[in-house]
1. Which far-off residues, 5 or more places away or on another chain, put their amide H under 5 Å from the one on Gly297, with H placed in the peptide plane?
2. Determine Rg/Rh for the stretch 257-297; Rg is computed over alpha-carbon atoms and Rh is the Kirkwood hydrodynamic estimate from the same atoms.
3. With 10 angstrom as the radius, rank Leu29, Leu133 by how many other C-beta atoms surround their C-beta, starting from the fewest.
4. Quick one: what are the phi-derived ³J(HN,Hα) couplings along the stretch 63-69, Karplus 6.51/-1.76/1.60 with θ = phi - 60°, whole Hz, x for glycine and proline?
5. Per Stokes-Einstein, at 10 °C and 1.306 mPa s, what whole-number D in µm² s⁻¹ belongs to the stretch 270-400, with the Kirkwood radius over Cα pairs as the hydrodynamic radius?
6. Quick check on the exposure proxy: order Met405, Met352 from fewest to most C-beta atoms within 10 angstrom.
7. Working from Cα positions, state the angle (0 to 90°, nearest 10) between the long axis of helix 39-52 and the longest principal axis of the chain.
8. Given the stretch 110-249, what whole percent of its Cα pairs are spread farther than 22 Å?
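Every read-out reported here was derived from the displayed coordinates using simple, explicitly stated rules and does not represent laboratory data. Keep in mind the model is a prediction, meaning the values are calculated, not measured. For neighbour counting, all protein chains shown are included, and Cβ atoms are generated from backbone atoms with ideal geometry for every residue, glycine included.
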Amino acid sequence: MRRYAGVCLLAAVLLGGCSEATTSGQKTLEVALWDENASDAVNRAIEAFNEKHPEVEVNVTYSPFAQYFTTLRTSIGGGSGPDIFWMNAVNFYEYAEPGLIKNLEPFIAGDDEFSKEDYYESIVELYSYEDQLHGAPYFVDAVGLYYNKELFDQAGIDYPDESWTWEDIETVGAELTDPEEGVYGYAAPIVSNQGGYYNYIPQAGGEIVSEDQQSSGFDSESAKEAFRFMKRIVDKGISPDIKSQIQNDLNQMFMSNRIAMLPAISVMSIEFNEAMGDQIDIAPLPEGEEDTAVVHGISWAMNDHVEDEELAWELMKELTGEAGNEQIAESGFSTPARLDAGDLWLESIPHMNLEVFIDAQETGTPYPLSRNTAEWQRMEQTEIQGAFLGEESIDDTLDQVADEMNRILRQGQEPD
């Protein structure tokens, strides 16, 4: 008998209590995440968990990302909320620093079945607070260059490969652009930092935030060069401008054959494949001064108020262990976080060059984060979009973003 609920009401779980026993004595665990595309892998892991723990009912909540963290923070801050839940890097410090989620090291120390060495180092570091793991790695993602082979074939142009640079984007992008047909040769994402300038800045030799998380890199010459590149692409009509990007989803434009090349994360592979099949493929991001792309990933976090932490840990292991990662690999959803599951994921969409995303784990740049990432990121996106709308020059805007980001980074620091 399957003992998980497919979708629960958001308020019932995120605002409700943690694990508890029902009136019949049956235990429950509450699980929350935001992407139903992962439901097949999640459900299979829960079924495996219930084979070992038939007395436990697992309730799963899928909620829109736009409201997920707002509601989650309110519920957990009030001493309730789901038992285990998805965590991203942007919000990680807001939960780890005040102790709203469990330090997983005590569980790992007493468990021979779980080893941090089995996972990509990038995601282990991403979800470690003061060198202690606070999020069990589930899947990793990176940014690659998706391209429409049909549009390349029609133009008689060779497909992108690992030799490409920013210059190729400008040259070939211009050749593929067809204003009469409404086709753009390339999309330089402005409304999406992860798919756009979070890659261009390190490719230009810069950084978004310093390694010690104390200062902004937006005012560096490298950052300004990255944005000049983006602006050239937009000004030449090779990429949709900011107004078009606000009004239209770039992923939908790509799937509608209106964009020939699109930088996007690995999670989009399955959706693009379902919409376009073997019409598309993937190449590494064309390089600037550096060959890199931003790497990120999702982990499972445990509520500090969980009633049965050992039971929650067993479910977390089922989701993130060898079998759970094989399930996420077979589903094609994204690159599994375990090192030994990558080959299985490559087979999920054999005609696409998914190896690009696995290789990026070695050459990639970690997603930028600090103790208050969410706050400075909201500011950064607002100001940068305003600059592309013509409200102020790009260079002046980046200087202002850096100043405000530095102020935010200093908040809560002890004076010297």
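1. Ala89, Asp141
2. When Rh is taken as the Kirkwood radius, the ratio is 1.00.
3. Details: Leu29 28, Leu133 23.
Ascending Cβ contact count within 10 Å gives the list Leu133, Leu29.
4. For the stretch 63-69, the Karplus-derived couplings read 9, x, 4, 4, 10, 4, 6 Hz, x marking Gly and Pro.
5. Details: Rh = 18.3 Å.
For these conditions, the coefficient is 87 µm²/s.
6. Numbers: Met405 25, Met352 22.
By the 10 Å Cβ count, ascending, the order reads Met352, Met405.
7. Helix 39-52 and the main axis of the chain meet at about 20 degrees.
8. Details: 5162 of 9730 pairs.
Beyond 22 Å sits 53 percent of the P(r) for the stretch 110-249.
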